[in-house]
Amino acid sequence: MTYGLLWLALAAYAADLVRGWRWMGRGATTVTLVAWGTLTGDLVKRGLGAGHWPLANRYEFALCFVWAIVTVYLLLEASWRERKGGAFVLAIALLVATWAITRPADERAISPLIPALRSVWLQVHVLTAAVGYGAFGVAAGLGLVRLLPRASLPGEEVERAMERAVALGFPWLTLSILTGAIWAQKAWGRYWGWDPKETWALVTWLWYLLILHVRPLRRWRGRRLAALAVAGFAVVLFTFVGVPWLVRTVRLESLHGF
Amino acid sequence: MTDEDPQTAEPKPPILRRIWRFGARLDVAAVLILAMLLLAVLGSCFPQLSSPVAANPERLAQWETGVRARYGALTDLLSADGAFRCFRSPAFLISLALLVVATLVCTLNRWPNLWRRAFHQPVRRSDALFHTTPHAFELAAPAGVDISRIVRERLEHRGFRVQMAEVLPIDRPSEQLTDPPTICLRGDRNRLAPLATLVTHLAVLLLLLGVVLSSVYGWREEIAIGPGETVEVGHGSGLALRNEAFVVTRYPDGSASGYEAKIAVLEGGRGMKRGSVRVNQPLTHGAVGLTLRGYQGTEGQYTLTLLAARDPGYAWVVVAGFLLLLGLTVSFNFPHCRVHVRVEPEGVLRVGGRADRRACDFEREFVVLAAELERAIEG
C-alpha cells in the first residue's frame, strides 16, 4: 500500500511541477503524509512481531531508509514551503523502495536476531545511518531539480535546500560511523579494521566532506555542486547495496552482515 | 595568520607565507580529501593484509597462498604496487599527513578571526555597514518613541544577546552636548558558534592522535584455548586465561541466541578474576579487553578463540568523535546571526543583519523583524 501511495504522490508532485497545479501539489503532500503514516505503522508492526527493531537485515534497513527519505523531505517541505523538489525526492525514495520489495521472500521474512546483532548499538548505529542516508537522498533529489535544463525554481533556493539536506545528513552519518566504531570495539576488539563496509562508510563520509569543502568555492557552486550531491547518493547506494556485491565478487572478507 | 596587523607583525619570508596560504586553501583540502577517498576506494577492491596476519608467519603464508591462487601472475605486481597494504602505503600515509597539516594550518589561520568574531566585535558601527550588509532596512520613528528600548526588546525576544553603546560626535560644539546621542545596538545569536569550526578541526587532529596511539602503543593477540586449558596472553601483560566453560543459548526454533564463555583471568599467579565473555559484551581486566572471536568443538568440549587487546587510543578516538559531532552539529544548525542597529538623534532607525549559514531562514526572520519593529514603533 505504501509503495502505491508513493507512486501516487510522485505523479501528483510531477503534475504540480510540470503543469503548475498548486492543488495537485497540496494533494501530493497529503498522500506523502499518508504514505509516511502507513510505512511508520508497517515498521512498528514488523518490530512488534519480530520482538526487535526492524533493522536486522538489508530489507528492513531499506524500509527505514525510505522512511527517513520521506521524513526528511516532509520536514524540509514544511520549513521551505516549496513542493517543486517532491517528484525527484520521491523518485529517489521509490528507487530504494523498489529494491526493497524485489528482495527474495527469505530476505523479507521476519527472523530472530542473530547473537552478533543483539546489542543496543544496533539501533543507534543503523538508525543513525538510515537518517543520514535519508537526508542524502533528499539532497540528491534536490540536486536533480537543480540539474534540470529549465528549472521552475530559482537555482540558489534549490541549492540552499540541497545544502541544508547535506548539512543535516553529515552529522548523522558521522554519528553512525562513531557508534559503529564503539560497537566494533565491543564486538570485535577493534574500532576500525578496514573492513570493506567500514571503508565505504569512510568513502561516503569523505565524499560529503568534499562537498562541504567545495561549497564555499564560487566555481563549484550551482550545477557542479548539484552533480556532486547526486553522485554522493550513488556512493551511498554503493555502500548499502554494492559493498556486499563487491565482497562476493572480489572474495573479500567482511564481518558485516549487511 | 593573514589577520596580523602589518604594522606590528614580523614580516614572514614570502615563500613561507605562500606555503602557509596554500596549506590553508579550501581547494587544497578538497584535493587531499579526494586523494584519500580514491585510495580508500582502491584499497576496498583488494584483500588487505592486516597487522596480526602479517605478524604471524603461519597465517601470513596461508594468506599469501590464498591471494596467489586468486590473482596468479598479477600477485607480485599488485603486491609491489601496495594494493594489499593500501592503507599503510606511502601514498595513503602521505595524503593523510598532508591533510593533517592542512587541517592544522587552516585551524591556526582561522583562529584569530573566529576568536575576534566571537568575543571582540564592536557595537559602534558606521553608516557604511548598512550599505554592505546582506539584509538592511530603515525606518523613521515619530518623536518621543524610545526606539532603542523597542529594538532591544524585540531582539531579546528572538534570542539575541544585545549590547548598546552611545556615539558622541567629536565635532559637535560643546553647547550641543546635551542633545541625544546616536545609539548603536548590536544583537548576536549563537555568538560562539563560529568556534565550532575550530572544535571540528581540533577533533579531527585528536582523532588521528588516537589512531596513532592505538597503532604505536596498542596490541592485539588472538588466543585459542581448549576446554580447561590455561594460556598466557603475552605482551608483558602478565595475564593468563583459563577456559572454564562455554554455553550456547538458543531460540525455540533451535537457532543460537547467544554465546557465553566463562573465563578465569590469572595475573602473575597472584590472583584470579572470573567473568563471562559474550558477543558484544567483552570482559575487561585493567586495560586489557577480551572479546569472543569464535569457537569450535562439540557440546561441553569447546575450544575458544579469544581476542585480548590493549588499546590506549580508543578513548581518545571516542572523545574526538563526539567533539567532531558537537562541532558539526553546532556549525550546521546554530548559525551565528548578527543584527546591527543605529538609532540617529533625528529618529531614523537603521538595521542591518547577517547570518553565517542558513541565509534563507535568516532573510525570512529579518523581514518579520522589520514588520514587528514597524508595528511597535507606529503603535
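A short reminder: the numbers here are calculations on the coordinates, not readings from a lab. On a predicted model such as this, the values are computed, not experimentally measured, just so you know. We place every Cβ from the backbone using ideal geometry, glycine too, and count neighbours over all the protein chains shown.
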TODO: Summarise the partner chain shielding of B:340-349 as one whole number: the mean count of Cβ atoms from other chains within 10 Å of each residue's Cβ.
DONE: 0
TODO: Working from Cα positions, state the angle (0 to 90°, nearest 10) between the long axis of helix B:26-44 and the longest principal axis of chain B.
DONE: 20 degrees
Task: the stretch B:210-331 - Rg and Dmax from Cα coordinates, angstrom - done: 17.3, 56
Open item on the list: Taking 2.2 N^0.38 Å as the expected size of a compact globular protein, what ratio does the Cα radius of gyration of the protein assembly as shown give against it, to two decimals?
Closed with: 1.16
TODO: Kindly point out which whole DSSP H helices in chain A project their C-alpha atoms 24 angstrom or further along the helix axis while averaging a Kyte-Doolittle hydropathy of -1.0 or above.
DONE: A:2-19, A:22-50, A:58-80, A:120-147, A:155-188, A:196-214
Task: Largest-first principal axis extents, alpha carbons of chain B, Å - done: 101, 55, 43
Open item on the list: If a paramagnetic tag sat 7 Å from the Cα of A:Glu107 along the Cα-Cβ line, which residues of the stretch A:34-72 would have the backbone N under 20 Å from that point?
Closed with: A:43, A:46-47, A:54-69
- [ ] Over the whole of B:30-42, what's the average partner chain Cβ count within 10 Å per residue? Rounded to a whole number, please.
- [x] 5
- [ ] Would you give the gap between the C-alpha center of the stretch B:118-140 and the C-alpha center of the stretch B:253-301, rounded to a whole Å?
- [x] 66 Å
Open item on the list: Just to be sure I understand the model, the point goes 7 Å from the Cα along the line to the Cβ. What's the resulting A:Arg22 to B:Ala80 distance in nm?
Closed with: 7.1 nm
Open item on the list: Can you classify the stretch B:14-110 as rounded, prolate or oblate using the Cα gyration tensor, where a ≥ b ≥ c are the square roots of its eigenvalues, rounded means a/c under 1.5, and otherwise it's prolate if a/b beats b/c and oblate if not?
Closed with: prolate
Task: Protection proxy ranking, peptides A:233-240, B:138-145, average beta carbon neighbours within 10 Å, highest first - done: A:233-240, B:138-145
Open item on the list: Averaging the inverse of every distinct alpha carbon separation and then flipping it gives the Kirkwood radius. What is it for chain A, in angstrom units?
Closed with: 18.8 Å
- [ ] Run down the lysines and flag those whose C-alpha is under 30 Å from the C-alpha of B:Lys262, throwing out any fewer than 8 positions away in its chain.
- [x] A:Lys186, B:Lys273
- [ ] Grab the beta carbon distance between B:Ala128 and B:Arg18, set R0 = 45 Å, and tell me the FRET efficiency rounded to 0.05.
- [x] 0.90
Task: Pairwise centroid distance, computed over Cα atoms, of the stretch A:43-87 with the stretch B:323-356, Å - done: 34 Å
Task: Gain upon complete extension [B:Arg149, B:Leu326; 0.36 nm per residue less C-alpha separation] - done: 60.2 nm
- [ ] List, in order, the whole-Hz ³J(HN,Hα) value for each residue of the stretch B:90-104 obtained from phi through the Karplus relation with A = 6.51, B = -1.76, C = 1.60 and θ = phi - 60°; use x for Gly and Pro.
- [x] x, 4, 5, 5, 5, 4, 5, 4, 5, 5, 4, 4, 4, 5, 5
Open item on the list: Less than 20 Å apart at the alpha-carbon level, and either on another chain or at least 8 residues along: which aspartates and glutamates does that give for A:Lys45?
Closed with: A:Glu60, A:Asp106, A:Glu107
